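Let me begin by presenting the structure, written as structure tokens, before commenting on it.
The values are calculated or read from the model by the stated rules, or taken from the named source; none is laboratory data. Worth saying up front: this structure is predicted, and the values here are computed from it rather than measured. We place every Cβ from the backbone using ideal geometry, glycine too, and count neighbours over all the protein chains shown. The protein model used for the area step is the full one, side chains on, heavy atoms only, and it has no ligands, DNA or RNA in it. Shrake-Rupley method; radii C 1.70, N 1.55, O 1.52, S 1.80 Å.
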Amino acid sequence: WHASLSAKIPRCDYRLSPLEQREIDGITCLAYSQNQPVDFDFMLVDGPRGVDEFSRIGCVETIRANTTKDFVIVFDDCDRPGEVQTIRFVEQLLASKGDVFRKRELRGRTSQAILATAGFSSVLYYW
């Protein structure tokens, strides 16, 4: 996935890292190692593979550190229980930071949740 996508869209910042057991906000999880938070305007959360609780919670560190005013976050597989927990966690985190956003879920072969601030709210209607 990494090699295929990074060759097609070379301007993005792709990071491929091994998983390690970590604790994030009191939640023990598998998260990518060597993950240094950076500001972003688009984040795709599509890994690591889902687990039963707080799947993909590793994205929280980068989301918390983001200082970009307008951004979009896309969560793949948003109908899985672990992803549902993580998305709710992120929604509460964004609200606590004062980030105003809207959410839309798309259903196809898989399900995606899109969180977008005002500057990118049009992406909620691309589907």
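Structure summary
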read-out	value
Which numbered condition ILE27 misses (of (1) free of Cβ contacts under 8 Å to residues at least 40 places away in the same chain; (2) closer than 20 Å to LEU124 by Cβ; (3) of a type in the set (A, V, I, L, M, F, W, C))	(2)
Members of region 1-33 found to be open to solvent by 60 Å² or more (accessible area, probe 1.4 Å), of a type in the set (A, V, I, L, M, F, W, C) and assigned to a helix (DSSP H, G or I), listed by number	ALA3, ALA7
